[in-house]
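A.B. asks: Handing you a structure now.
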Amino acid sequence: MTRIAVINPNTTASMTATIAHAARLVAAAGTEIMPVTSSMGPVSIEGYYDEAFALPGLLKEIGKAEREGADAAVIACFDDTGLDAARAMARIPVIGICEAALATAGFIAKRFTVVTTMERSRVPIEELAHRYGMAGRAKIRAANIAVLSLEDPNSNARDKLRNEIVRAIAEDNAEAIVLGCAGMADLARTLSHEFGMPVIDGVGAAVKQAEALVALGLSTSKRGTYAPPVAKPYAGALAEFAPA
């Protein structure tokens, strides 16, 4: 049995349920998905400011999941919030859904477009695409929708998302679409059928890559960048996040 902790680093439990459903749709028969909602931080993560407040709760939940027997962890935010810190802290492999989605898109398309939520989310994702070596292949678009509006059936968020995909196909010559928000995880299969092209959800991509790393017996290298942090005293509320 492989146990994968899928961490929603915001505090919205309904979004965690959407993420968990997407994860379980693709998980192998021998994989247990352990969905977790952060106990502290913002209700949604849309840009650098929200990321900063999400980090302590995220690290706390990853540490807890590892102690409870998780074999790998997935950070279910397309900003790959806290990914470097989590990899430095954890002994298990930690996968970010942006990195996983871009890598998966690269296997099946020369050109692809990431459609995310707000403009303030687009810029961090552009930087991640550059970091992951995909800047020359990936266009990043913002549909100008709030993350939580994706859960509101009375909003026009999903129509805006579809309209941006139409523009990506026409203007970017996109061969595949990457959904740039974990809150869109339940839409990938429907949109793929609707547009007749690959539509990639980072949650599913990350789960499959986490399964592969566990099966191969691989985890994040601790030689160099991700070497374990040196134990030191942390004051006040931060004490519980200090490395063991």
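A.B. asks: Hey, can you tell me all the residues within segment 93-114 that are surrounded by fewer than 24 Cβ atoms within 10 Å (Cβ to Cβ) and β-branched (Val, Ile, Thr)?
C.D. replies: Passing the criteria: 104, 108.
A.B. asks: Within the bounds of segment 103-119, is there any residue that is over 30 Å from residue 30 (Cβ atoms), part of a loop (DSSP other than H, G, I, E, B), within 15 Å of the chain's Cα centre (by Cα) and not assigned by TED's automatic domain parsing to the domain that holds residue 9?
C.D. replies: So far as segment 103-119 goes, yes, one or more of its residues are over 30 Å from residue 30 (Cβ atoms), part of a loop (DSSP other than H, G, I, E, B), within 15 Å of the chain's Cα centre (by Cα) and not assigned by TED's automatic domain parsing to the domain that holds residue 9.
A.B. asks: While we're looking at this one, here's another question. Which condition number in (1) in contact with an Asp or Glu (Cβ under 7 Å, 6 or more places away or on another chain); (2) without any contact (Cβ under 8 Å) to a residue 40 or more places away in the chain is the one that residue 106 fails?
C.D. replies: (1)
A.B. asks: Moving on to the next point. Considering every residue within segment 61-70, establish whether at least one is within 12 Å of the chain's Cα centre (by Cα) and touching a residue at least 24 places away in the same chain (Cβ under 8 Å).
C.D. replies: No, there is no match, as no residue in segment 61-70 is within 12 Å of the chain's Cα centre (by Cα) and touching a residue at least 24 places away in the same chain (Cβ under 8 Å).
A.B. asks: A follow-up question, please. Touching a Pro at 6+ places or on another chain (Cβ under 6 Å) and part of a strand (DSSP E or B), is that true of residue 74?
C.D. replies: It is false that residue 74 is touching a Pro at 6+ places or on another chain (Cβ under 6 Å) and part of a strand (DSSP E or B).
A.B. asks: Does residue 82 meet the test of being of a type in the set (Gly, Ala, Ser) and within 19 Å of residue 222 (Cα to Cα)? Working first, answer last.
C.D. replies: Details: of a type in the set (Gly, Ala, Ser): yes; within 19 Å of residue 222 (Cα to Cα): yes.
Criteria met by residue 82.
A.B. asks: Something else about it: Select from segment 128-139 the residues that are surrounded by 14 or more Cβ atoms within 10 Å (Cβ to Cβ), out of contact with any Cys (no Cβ under 7 Å at 6 or more places or on another chain) and not in a loop (DSSP other than H, G, I, E, B) and list them in ascending order. Quick ask: steps written out before the conclusion?
C.D. replies: Within segment 128-139, the first condition is being surrounded by 14 or more Cβ atoms within 10 Å (Cβ to Cβ), and the residues that meet it are 128-129, 132, 134-135, 137-139.
If we keep only those that are out of contact with any Cys (no Cβ under 7 Å at 6 or more places or on another chain) too, we end up with 129, 132, 134-135, 137-139.
Listed by number, the residues that qualify are 129, 138, 139.
A.B. asks: Right, next: Out of all the residues in segment 88-102, is one or more modelled with pLDDT under 95 and in contact with a Lys or Arg (Cβ under 6 Å, 6 or more places away or on another chain)?
C.D. replies: So far as segment 88-102 goes, no, none of its residues is modelled with pLDDT under 95 and in contact with a Lys or Arg (Cβ under 6 Å, 6 or more places away or on another chain).
For (1) touching an Asp or Glu at 6+ places or on another chain (Cβ under 7 Å); (2) part of a helix (DSSP H, G or I); (3) of a type outside the set (Gly, Ala, Ser), each residue gets a yes or a no:
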site	(1), (2), (3)
17	no, yes, no
61	no, yes, yes
64	no, yes, yes
80	yes, no, yes
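A.B. asks: Look at residue 117 and say whether it is surrounded by fewer than 16 Cβ atoms within 10 Å (Cβ to Cβ) and not basic (Lys, Arg).
C.D. replies: No.
A.B. asks: Condition test on residue 69, is it at pLDDT 95 or above, out of contact with any His (no Cβ under 7 Å at 6 or more places or on another chain), under 19 Å from residue 33 (Cβ atoms) and assigned to a loop (DSSP other than H, G, I, E, B)?
C.D. replies: Numbers: at pLDDT 95 or above: yes; out of contact with any His (no Cβ under 7 Å at 6 or more places or on another chain): yes; under 19 Å from residue 33 (Cβ atoms): yes; assigned to a loop (DSSP other than H, G, I, E, B): yes.
Yes.
A.B. asks: Continuing with this model, one more query. Looking only at residues that are surrounded by 22 or more Cβ atoms within 10 Å (Cβ to Cβ) and assigned to a helix (DSSP H, G or I) in segment 19-49, which one is nearest to the chain's Cα centre (by Cα)?
C.D. replies: Filtering first and then ranking leaves 19.
The values are calculated or read from the model by the stated rules, or taken from the named source; none is laboratory data. This one's a predicted model, so the numbers in the text were calculated from it and none came from an experiment. Every residue, glycine among them, receives a Cβ derived from its backbone with ideal geometry; neighbour counts consider all protein chains shown.
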